Amino acid sequence: HAFSIALLVTNKEDAPVIQLAKAQAIPVLILNKEEFNSTEWIAALTACQPSLIVLAGFLWKIPEHLLNAFNGKIINIHPSLLPKYGGKGMYGMRVHQAVKEAVLPFRRFPGADSLLGPEMRSTGEVMGTAPSFGMAYAKAELAAGEVLPIAGTVFLSTHDRDKQALGAIAIDLAAQGFALVATAGTAKHLRAEGLEVTTVLKVHEGRPNVEDAIRSGEIQLIINTPIGRQATHDDRYLRRAALDYQVPTVTTLAGARAAVAAVAALQGQNELPINALQDLHR
């Protein structure tokens with residue numbers, strides 16, 4: 001349940017994990033040692049480009065050509081974690097995702113901009129752990145002092161090159177119940193995606209503008225990806241207003257995707273699950 005698994009590969013026909021995989025409609029591939037070390041099955045899978053391959057029950061060394069073919073897409077579950085070997089099994093596996101977050105105290109420095117840059121500005125680091133990435137990210141943000149909203153209004157403004165990718169993010173936010181407001185160019189693009197979006201003025205376009213909306217408490221989350229000196233300068237005021245009024249601000253699309261996953265995880269929880277590091281180690 002913790003991952004979007006595209007394929008389960010195991011060497012045990014009676015491995016308990018197979019039952020769970022089949023219940024979740026996850027394809028299962030059973031290989032002996034000779035087959036596991038061959039290149040035939042890897043070549044066949046390469047064309048499919050699976051998002052994640054889980055190896056369960058293997059004690060053998062993972063062949064180099066397998067790692068090269070699916071770099072970053074393989075999770076190897078040691079047999080000791082499986083029920084047959086006394087572990088907690090797939091449902092109770094001690095598999096957690098961890099997200100480390102830098103603590104950036106921009107609010108302590110008047111005039112500071114929250115835009116990412118090359119300077120080291122953090123005063124510490126925190127970590128969130130959870131079975132899912134979304135909850136781990138949400139807990140890391142909370143520990144760093146950023147409370148992600150689970151309802152309200154999201155302001156979106158991106159550079160032209162980011163608008164295409166923004167559509168999927170905005171669709172997810174709308175599905176989560178958020179109202180969307182955006183600058184003219186971004187709003188036009190999102191409406192073409194079939195979304196209901198309210199247009200708001202940029203700071204230099206007049207009033208009431210997005211900065212006024214932030215200071216009036218009308219915005220709960222900001223996704224702003226400026227590119228170029230002029231855009232960076234124009235949007236500096238809204239990022240500063242967001243800092244003053246403690247509105248979470250995301251300045252990259254990767255961060256926006258993470259925030260969407262975190263919000264989804266938070267909306268499905270009445271309380272945050274807490275795990276001591278010692279419990280995870282066990």
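The values are calculated or read from the model by the stated rules, or taken from the named source; none is laboratory data. Keep in mind the model is a prediction, meaning the values are calculated, not measured. Positions of Cβ are backbone-derived with ideal geometry, glycine not excepted, and every protein chain shown enters the neighbour counts.
Here are some notes:
- Looking only at the range 246-266, and only at residues there that are of a type outside the set (G, A, S) and either exposed (fewer than 13 other Cβ atoms within 10 Å of the Cβ) or touching a Pro at 6+ places or on another chain (Cβ under 8 Å) (or both), the one that is modelled with the lowest pLDDT: T251
- All positions within the range 245-263 that are closer than 16 Å to A151 by Cβ and part of a helix (DSSP H, G or I): A259, V260, A262, V263
- Taken together, R240, R207, R191 contain a single residue that is farther than 25 Å from K139 by Cβ, of a type in the set (K, R) and not in a helix (DSSP H, G or I), which is R207.
- Residue match in the range 172-184 (condition: farther than 22 Å from V99 by Cβ, touching a Ser or Thr at 6+ places or on another chain (Cβ under 8 Å), assigned to a helix (DSSP H, G or I) and modelled with pLDDT of 90 or more): yes
- Checked against (1) within 24 Å of the chain's Cα centre (by Cα); (2) modelled with pLDDT of 90 or more, G217 meets all criteria but (1).
- Some residue of the range 226-247 being closer than 20 Å to Q176 by Cβ and within 17 Å of the chain's Cα centre (by Cα): no
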